[in-house]
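Heads up, the thing below is written out as structure tokens.
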Amino acid sequence: MLHTLRRIVQEVNSTRDLNRVLAIIVQRVKAAINADVCSVYLADEGAFTLLATDGLNVDLVGKVRLPPGSGLVGLVAQRTDPLNLDDAQEHPRFQLFTTLNEERFHGFVGIPITHHREVLGVLVAQSESRVRFSHDIVNFLVTIAAQLAGSIINAQATRQIDESEKSETKSTIPKKSPIRQDNRPLLGQPGSPGIAIGRAVSIATSIILESIPDRPIDDIDDEINVFHSALDSVRKDIKSLSYQLLADGLPTEDVAVFDAYLLMLDSSTLIDSTVERIKSGNWAAGALRETILEHIKLFGEMENPYLRERAKDIRDLGQCIFNQMQGINDLPLDKLSEKTIIVAEDISATLLADIEKTHISGIVLKRGSRTSHVAILARAMGIPTVVGVSELPVMQLDGSQLVADGYSGKLYISPTETIVKEYSRLICQEDELSEEISELNGLPATTTDGVNIPLYANTGLVADITPSKHSGAEGIGLYRTEYPFMIRQRFPGEEEQSKIYREVLQAFAPRPVVLRTLDIGGDKSLSYFPIEEDNPFLGWRGIRVTLDHPEIFMIQLRAMLIASEDLDNLNVLFPMISTITEVEDAIALLERAYRELLTEGYHIQMPKVGVMVEVPSLVFQIKRIASIVDFISIGTNDLIQYLMAVDRNNASVAELYESLHPAVLNAIKMVVDGSHEAGIPVSVCGEMAGDPMAALLLLGMSIDSLSTSVGSLPRVKWMIRKFSQQEAKELMEQALAMKDAYVIKQLLTKELEGKGLGGLIRAGR
Ligand code: PEP
Ligand code: MG
């Protein structure tokens, strides 16, 4: 059964057309379970329309429509539970459609097709005999319905695009479709506030080998050429990379892996079997997938551990060839304009840094969440962004008209004129609002009762620090040092690093700059220092890596200290701390670096030292930790992920990632109170600090400062200047006693709207 299931899912996933998808489902499922009928009914404003059948009258496909709640199909949808009957006709809710030729069928099983708690449709199997379907069959149908829900959503979105393309070219009246005819948006997560209206430019980014579909081809020679020219390019890339690394001083044995890649690239088994597969009618990418997966399986099953390890190299190589064939990671700069919305599975921080040089109106990503690094960067760059749109048909969207709402996470594909008009109006209001907010640039973030909350900028994900300089920030509250490490082919040396750090320290002196030590691991990897783990966010990350590699850590600490010479505005921050010993060990290394540099003749001061509270264990040891450092910085991006057990990058659980959850608020309050009791300042440097609703509660907790993306700074300042700390404190106390984030959000929305600040949390003024 597992094999059949995989085959059906694979076939469906490689098909773009909704009708074809549904036809495959009913035909294959009917055959697999030996039923007399298999049909799919899809939801349409509460009603269910028969959209595919194998066994009933096909002339009625698209015509039989069951009103909401009617018939057995309606019952299955209402109960969201499988219904298995030996004689459907005996059931009081049975509705006979004689024109469907249903009289002969008695055995009935109906399975709801659900996606994110929404019933998309019902999969039905029927038999002539008066017997229930077996448990095995019901379980198989439940499994297949669960797997197919995503494919159906994808095909629905594609149909929406196709239909609007047709209606654009053939007629001004949109063709009536039973699906999403109300122009319902796809739902994602708000990534960066703002609204974007424009045409999609799809960017192919890394695609998992397994998900490359099969595709029939017209021109075999053409496909063979595509494959060979990809091989040539990869060969060239590998050669030049290996020369460069040797020139950079990497030992020959470390570069030897590239020779192994080159050998594999020339191996007749790889080339011949792929070409054979192309000749039998599959496109180059599909043929390559089959060959590479076959090799991976072969090597993965070998006894010899060395050979078993080579399975990974084969996968990497396959991925390189595929990326080359698809032009992956190339940014089509000539296609980008102010009316462009970039659409992709995911994009890297480096690609986004390239995008920064152009002017685009928005970004929409299939993966990620509010606190993914790409969303953080988009906020810093002020680009409206929607992330985590799990049903996004990335490549099919290329060229489509889109409206992306970065406040609510909604994405409208081929929107109606009314939607475009409404959002255009909101954009005008936003522009007015931004102008009003920008007037606050030179003013301090002071509450109406005179409390000043310094606002600092988070930076470091891109090389350029200019935006932070003009943001009105009173310093840098978090400089993520990973970027200079990520864009190189090896660890940057002391001199290289200190040059970069000096630039930031100098740009802001005498205002404070917090440099965070290297925080790799989790979702930030270095190509030259791969960390392979089953649970990277719970693994070797941040301080755990640097303490294990004092040689790397010492270079960085020395570089930071050297950079601060005669400036004295350096603060050093340690990430991913979970125990007191880690802090002690890190401070000991910093002190050693400091002493070394003094004896070498540098004029430096011992910087202030801080710890990030990102791991819940620290919340419960906060007083002890606070007694050995100079300041605390709460990294809410990770703290929420670890408190709520929600991967911050996983779109499927993004709804559970809630900064306003009472547990999160109570934890932050404990950290603030504990730090104050120990007599040291505490700041929030996670993205929560840039959310006006959350920042209002942080103000109420007597936070000492906030540090956030430059794009969010003016908005938070506007909020702070409209409230007194006393008001914020009362709201915070009410919120801490509430049941969940939903009611807390309602409370804060009302407050912000009441002060005329609604434009900070939704589209429009
Ligand atoms: C955090 O975790 O809140 C934080 C600021 O660090 P990063 O987003 O870089 O993990
Ligand atoms: Mg973090």
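Residue pairs whose Cβ atoms lie under 7 Å apart, sitting 6 or more positions apart in sequence or on different chains, and linking a residue in segment 36-47 that is within 14 Å of V58 (Cβ to Cβ) to a partner that is buried (at least 24 other Cβ atoms within 10 Å of the Cβ) and among the polar types (S, T, N, Q), are V37/T53; V37/Q126; S39/T53. Before we move on, is L22 in contact with a helix residue (DSSP H, G or I) (Cβ under 6 Å, 6 or more places away or on another chain) and of a type outside the set (V, I, T)? Criteria not met by L22. On the basis of being within 23 Å of N458 (Cβ to Cβ) and either open to solvent by less than 70 Å² (accessible area, probe 1.4 Å) or more than 16 Å from ligand 2 (Cβ to nearest atom) (or both), does A563 make the cut? Taking the combined requirement at face value, the residue satisfies it. Checked against (1) within 16 Å of ligand 2 (Cβ to nearest atom); (2) among the small types (G, A, S); (3) out of contact with any helix residue (DSSP H, G or I) (no Cβ under 8 Å at 6 or more places or on another chain), A586 meets all criteria but (3).
Can you tell me which residue in segment 676-695 is nearest to ligand 2 (Cβ to nearest atom), limited to those that are over 24 Å from the mean Cα position of the chain (by Cα) and crowded, with 24+ Cβ neighbours inside 10 Å? Spell out how you get there, then give the answer.
In the first step, residues of segment 676-695 are kept if they are over 24 Å from the mean Cα position of the chain (by Cα); the result is 676-683.
Within this subset, residues satisfying the condition of being crowded, with 24+ Cβ neighbours inside 10 Å are 682-683.
Details: V682: 16, S683: 14 Å.
Top of the filtered list is S683.
Look at segment 677-735 and say how many of its residues are polar (S, T, N, Q), more than 16 Å from ligand 1 (Cβ to nearest atom) and in contact with a helix residue (DSSP H, G or I) (Cβ under 7 Å, 6 or more places away or on another chain). Residues meeting the conditions: 3. In this structure, is S438 away from ligand 1 (no atom under 16 Å from the Cβ), of a type outside the set (A, V, I, L, M, F, W, C) and in the same structural domain as A586 (by TED's automatic domain parsing)? No, not satisfied. Is it fair to say P492 is more than 16 Å from ligand 1 (Cβ to nearest atom) and free of Cβ contacts under 8 Å to residues at least 12 places away in the same chain? For P492, the condition - more than 16 Å from ligand 1 (Cβ to nearest atom) and free of Cβ contacts under 8 Å to residues at least 12 places away in the same chain - is met. Out of S206, S202, S171, S177, I need the residue that is within 31 Å of the chain's Cα centre (by Cα), modelled with pLDDT under 90 and open to solvent by 20 Å² or more (accessible area, probe 1.4 Å). Which one? Sole residue among the options that is within 31 Å of the chain's Cα centre (by Cα), modelled with pLDDT under 90 and open to solvent by 20 Å² or more (accessible area, probe 1.4 Å): S206. Every condition in (1) part of a helix (DSSP H, G or I); (2) open to solvent by 30 Å² or more (accessible area, probe 1.4 Å) holds for G711 except the one numbered (1). The numbered conditions (1) modelled with pLDDT of 95 or more; (2) under 26 Å from L352 (Cα atoms) are all true for R544 except (2). Those helices (runs of 4 or more DSSP H) of segment 1-110 in which 1 or more residues are modelled with pLDDT of 95 or more occupy 18-33, 71-79.
Screening A473 against (1) within 29 Å of the chain's Cα centre (by Cα); (2) closer than 30 Å to D316 by Cα; (3) away from ligand 1 (no atom under 15 Å from the Cβ) leaves a single unmet condition, (2).
Selection of segment 507-527 for residues being surrounded by 14 or more Cβ atoms within 10 Å (Cβ to Cβ) and either more than 16 Å from ligand 2 (Cβ to nearest atom) or assigned to a helix (DSSP H, G or I) (or both) yields A507, F508, A509, R511, P512, V513, L526. For segment 131-144, the condition holds for no residue, the condition being that it is within 16 Å of L66 (Cβ to Cβ) and buried (at least 21 other Cβ atoms within 10 Å of the Cβ).
The values are calculated or read from the model by the stated rules, or taken from the named source; none is laboratory data. The shown structure was predicted, so the numbers you read here are calculated from the model rather than taken from an experiment. We place every Cβ from the backbone using ideal geometry, glycine too, and count neighbours over all the protein chains shown. Side chains are part of the model used for accessible areas, which takes the heavy atoms of the whole protein and leaves out ligands, DNA and RNA. Shrake-Rupley method; radii C 1.70, N 1.55, O 1.52, S 1.80 Å.
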